[in-house]
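Only one structure is covered here, and it is reproduced in the block below.
The values are calculated or read from the model by the stated rules, or taken from the named source; none is laboratory data. Since we're looking at a predicted model, the values are computed, not measured. Positions of Cβ are backbone-derived with ideal geometry, glycine not excepted, and every protein chain shown enters the neighbour counts.
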Amino acid sequence: MFGALVAFFVIARCTALDARHGSRDHHSIKRDVCVVGGGSSGTYAAVRLQQMGHSVVLIEREARLGGHVNTYRDPVTNTTADYGVQIFSNRTVLRNFFKHFEIPLVKLPQGSGMPKTTNFRTAEPVKASDPSAEQLAQALLAYDAQLAKYPGLADGFILPSPVPEDLLLDFGDFLRKYDLEVLANLFFAYNQGAGNILAQPTLYMMKYFDHIQVQDISQSAFVMNGLSDNQLLYDRAQKEPGKNVLLDTDILKIRRSRKGHVVRVMTPGGPKTIHAKKSLLAIPPTVSNLKFLDLDPAETIVFSKLNGSSYWDAVVQDIGIPNTQTVRNIDPEAALDVPALPALYSLSSTKFDKTHFAYYGSPAKASEDEVRSTILDTLRRLRGGSSQDAKIVELHDHTPFMLTAPKEDVAAGFYDKMLALQGHKNTWWTGAAWQLQATAQLWNYTECNVLPRLLAG
């Protein structure tokens, strides 16, 4: 998983009352900003707001911060490796945040050994028709020239009007139009979690694979956590807001008025009420995700248009392949050799004995049973009909991963309407739906585009 995957808050006093469930008296908190979602963007925002002298509360439904971060700790060696968010673009905002929490960044090492290419559908070995280094460089330059036509994409979804036809083309047709077919499998590898990439509008592939990603690949400029433990970054970040981080907490209701926002939550210790001047939501803005929010018609119309793809990662063991061997999924019978989803993207090598990381994608929401079945069925095929010893040690759902709107709505100004919701009812938004699934770009967007307007508004 690439790319992948927070700016600052305000602190005030807490008034402790009877927190018994059902009592009219709860624990009441007053804050400048209520941040919803403790993934990459929300954590960054909370820390940055607090650093700037504003009081915050950060609400996260999981028992940890970090969102798409998944870090595996091997019980034998007691060492770690990241298999959720793994690599980053080397931007100033990223370096500053890692440095603040005393986490070193190192250059991504060049891969050792060639990955094995296999058709996961048939378990047949495949000779990959990968482009030469020169062909890849030329194709990336040509693709980057197309990206340069749309500078507004660097700062979110700022689109020309009318929306250019190229951005609405199915991405497979776009690649063929500009003779960029050699990039198809690169996009399949880098744009994991984006559904069936050849059928997606080009807009979303350009957002996901932006100019910075092109530079990082061309110049081998990606960086990674020098401790191989991205969860540690978020554990340290959690300590800064301290008790102002509410983990394992469900939001019951947010009611917004000119006087401020009243946020009712259920924490492991009981109900709390938060009184905030503003809210910053850093979660996927789907209607099903926002049931707690008093959406008005303008918000409902926009957010009801968004649909998400499914993305899961896993730790698998005893699969009958050396742990040092990566296996890529390629289907020579499919268009541009890009496998149809749902399927596994790859089985990635690790430094741990008999252990691999597995990555699953689907254009639509998939249940845990469906994902487990697909993983084990794939492993069975790769082992010649037996998956008796194979096991899934860890499995994590990152759905909805990439949110998209229908082409006709994009053409009709969907993103103008969505961006107009920034600041509406003193509610601000950040996260991948507003930018892309890449940590450095998300933090930069939050730092430069969201927080200044939130604080000025």
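In segment 112-170, of all residues being in a helix (DSSP H, G or I) and under 19 Å from Lys407 (Cβ atoms), the one that is farthest from the chain's Cα centre (by Cα) corresponds to Glu165.
Among the residues here, Asp32 qualifies as at pLDDT 95 or above and among the acidic types (Asp, Glu). For the residues Val10, Val69, the requirement of being farther than 19 Å from Asp313 by Cβ and either modelled with pLDDT of 95 or more or surrounded by 14 or more Cβ atoms within 10 Å (Cβ to Cβ) (or both) singles out Val10. Do you know which residues across segment 332-350 are under 26 Å from the mean Cα position of the chain (by Cα) and in a loop (DSSP other than H, G, I, E, B)? Passing the criteria: Val338, Pro339, Ala340, Leu341, Pro342, Ser349, Thr350. Counting only helices (runs of 4 or more DSSP H) that sit completely within segment 351-457, those holding 3 or more residues that are surrounded by fewer than 20 Cβ atoms within 10 Å (Cβ to Cβ) and over 25 Å from the mean Cα position of the chain (by Cα) correspond to 368-382. Only one of the numbered conditions (1) surrounded by fewer than 17 Cβ atoms within 10 Å (Cβ to Cβ); (2) in contact with a helix residue (DSSP H, G or I) (Cβ under 8 Å, 6 or more places away or on another chain); (3) under 20 Å from Ala63 (Cα atoms) is not met by Ile283, and that is (1). None of Pro241, Pro164, Pro201 is over 29 Å from Gly39 (Cα atoms) and of a type outside the set (Gly, Ala, Ser) except Pro164.
Just to be sure, is Tyr204 aromatic (Phe, Trp, Tyr), modelled with pLDDT of 95 or more and over 19 Å from Lys407 (Cα atoms)? No: the conditions fail for Tyr204. Screening Ser288 on (1) surrounded by 15 or more Cβ atoms within 10 Å (Cβ to Cβ); (2) under 18 Å from Phe303 (Cβ atoms); (3) within 19 Å of the chain's Cα centre (by Cα) shows it passes everything except condition (1).
In segment 36-65, the residue that is nearest to the chain's Cα centre (by Cα) out of those that are of a type outside the set (D, E, K, R) and farther than 24 Å from Leu252 by Cβ is Ser40.
Tally up the residues in segment 211-247 that are in contact with a Leu (Cβ under 8 Å, 6 or more places away or on another chain), in a loop (DSSP other than H, G, I, E, B) and surrounded by fewer than 22 Cβ atoms within 10 Å (Cβ to Cβ), please.
4
Taking the criterion of being among the hydroxyl-bearing types (Ser, Thr, Tyr) and surrounded by 21 or more Cβ atoms within 10 Å (Cβ to Cβ), the residues of segment 178-210 that qualify are Thr202, Tyr204, Tyr208.
Could you go through segment 127-147 and let me know if any residue there is surrounded by fewer than 18 Cβ atoms within 10 Å (Cβ to Cβ) and over 20 Å from Ile217 (Cβ atoms). Taking every residue of segment 127-147 in turn, at least one turns out to be surrounded by fewer than 18 Cβ atoms within 10 Å (Cβ to Cβ) and over 20 Å from Ile217 (Cβ atoms). Scanning segment 262-280 for residues being assigned to a strand (DSSP E or B) and more than 13 Å from Ile251 (Cβ to Cβ) gives a total of 5.
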